[in-house]
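A.B. asks: One structure follows; several queries about it will come next.
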Amino acid sequence: MDIKAEDLKILFSEDQIQTKIKEIAAELNTLYGSEEVYAICVLKGAVFFAIDLVKHLNMPLKMEFIRLSSYGSGFASSGKVNAVDISLPDLNGKNVLIIEDIIDTGLTAKFLMDFMHCNFKTKSTKFCSLLDKKITRKTDIEPDYYGFEIDNKFVVGYGLDYEGYYRNLKYIGYVEEK
Ligand code: 5GP
């Protein structure tokens, strides 16, 4: 299947996404108070979510960006996570907030949580994802915070791509199966 712009249906509008982000930010502001946080954005998909989320966070915050890949091209996860660039500062004793676009099989999230535990003794490590496809999970990973639970749909927009396209949409869309 090819995704054509005219076939996209809106799953979550710009307003729904922004409202949800404010709700998550309020929870994180309560959790961390005035403690410093290292927000780690997983490129490329989470960049829109991460940037919008951190604008609503009130604590002292540093941002880091790492790049992983698990989807080659098309719709299915390759089942393998590749660390394209995972250089991080010393996170020992720090509050770490990992920000993802979507958890699907959970392999990426598991890889990241294992990476954190193997490399650092953080003060805390929390995982926050805008979308959660619980139904396709192949690991026992659950995000600490998530925006919306979705069914087994391939979604695009607001950072999520199809073969590199559609990241720039303000909404999250999908193609209805006929
Ligand atoms: P997981 O490792 O949990 O299977 O997959 C996580 C990554 O797969 C996400 O960061 C995202 O890049 C990609 N992914 C999973 N589901 C979708 C989807 O429905 N649409 C798009 N565009 N990417 C997805």
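A.B. asks: Can you find a residue in region 110-121 that is open to solvent by less than 70 Å² (accessible area, probe 1.4 Å) and either touching a Phe, Trp or Tyr at 6+ places or on another chain (Cβ under 6 Å) or of a type in the set (S, T, N, Q) (or both)?
C.D. replies: The answer is no; no qualifying residue exists.
A.B. asks: Something else now. Return the total of residues in region 137-153 being within 12 Å of the ligand (Cβ to nearest atom) and loosely packed, with under 14 Cβ neighbours inside 10 Å.
C.D. replies: Selection size over region 137-153: 3.
A.B. asks: Let me ask another. Residues that are β-branched (Val, Ile, Thr) and more than 21 Å from Glu27 (Cβ to Cβ): which strands (runs of 3 or more DSSP E) entirely in region 84-178 hold 1 or more of them?
C.D. replies: The strands (runs of 3 or more DSSP E) meeting that bar are 172-175.
A.B. asks: So if I check each of Ile98, Ile10, Ile21, which one is open to solvent by 20 Å² or more (accessible area, probe 1.4 Å), modelled with pLDDT of 95 or more and within 26 Å of Leu169 (Cβ to Cβ)?
C.D. replies: Going through Ile98, Ile10, Ile21 in turn, just one is open to solvent by 20 Å² or more (accessible area, probe 1.4 Å), modelled with pLDDT of 95 or more and within 26 Å of Leu169 (Cβ to Cβ): Ile10.
A.B. asks: While we're looking at this one, here's another question. Of all the residues that make up region 52-65, how many are within 16 Å of the ligand (Cβ to nearest atom) and either closer than 16 Å to Lys22 by Cα or touching an Asp or Glu at 6+ places or on another chain (Cβ under 6 Å) (or both)?
C.D. replies: 1
A.B. asks: I need the full set of residues from region 154-178 which are open to solvent by 60 Å² or more (accessible area, probe 1.4 Å) and either acidic (Asp, Glu) or within 17 Å of Asp15 (Cα to Cα) (or both), in order please.
C.D. replies: Passing the criteria: Glu163, Asn168, Lys170, Glu176, Glu177.
A.B. asks: Additional query: Can you tell me which of (1) in contact (Cβ under 8 Å) with a residue 40 or more places away in the chain; (2) in contact with a strand residue (DSSP E or B) (Cβ under 6 Å, 6 or more places away or on another chain); (3) not β-branched (Val, Ile, Thr) is the one Arg167 doesn't meet?
C.D. replies: (2)
A.B. asks: Filter region 27-42 for residues that are in a helix (DSSP H, G or I) and open to solvent by less than 50 Å² (accessible area, probe 1.4 Å) and give the result.
C.D. replies: Once the filter is applied, which keeps residues that are in a helix (DSSP H, G or I) and open to solvent by less than 50 Å² (accessible area, probe 1.4 Å), region 27-42 yields Leu28, Asn29, Tyr32.
A.B. asks: Next question, about the same structure. Is at least one residue of region 66-73 modelled with pLDDT of 95 or more and surrounded by 13 or more Cβ atoms within 10 Å (Cβ to Cβ)?
C.D. replies: The answer is yes, given that some residue of region 66-73 is modelled with pLDDT of 95 or more and surrounded by 13 or more Cβ atoms within 10 Å (Cβ to Cβ).
The values are calculated or read from the model by the stated rules, or taken from the named source; none is laboratory data. Model, not experiment: these values are computed from the prediction. So basically every Cβ, Gly included, is an ideal-geometry build from the backbone, and we count neighbours across all protein chains shown. For accessibility, only protein heavy atoms count, side chains too; no ligands or nucleic acids. Shrake-Rupley method; radii C 1.70, N 1.55, O 1.52, S 1.80 Å.
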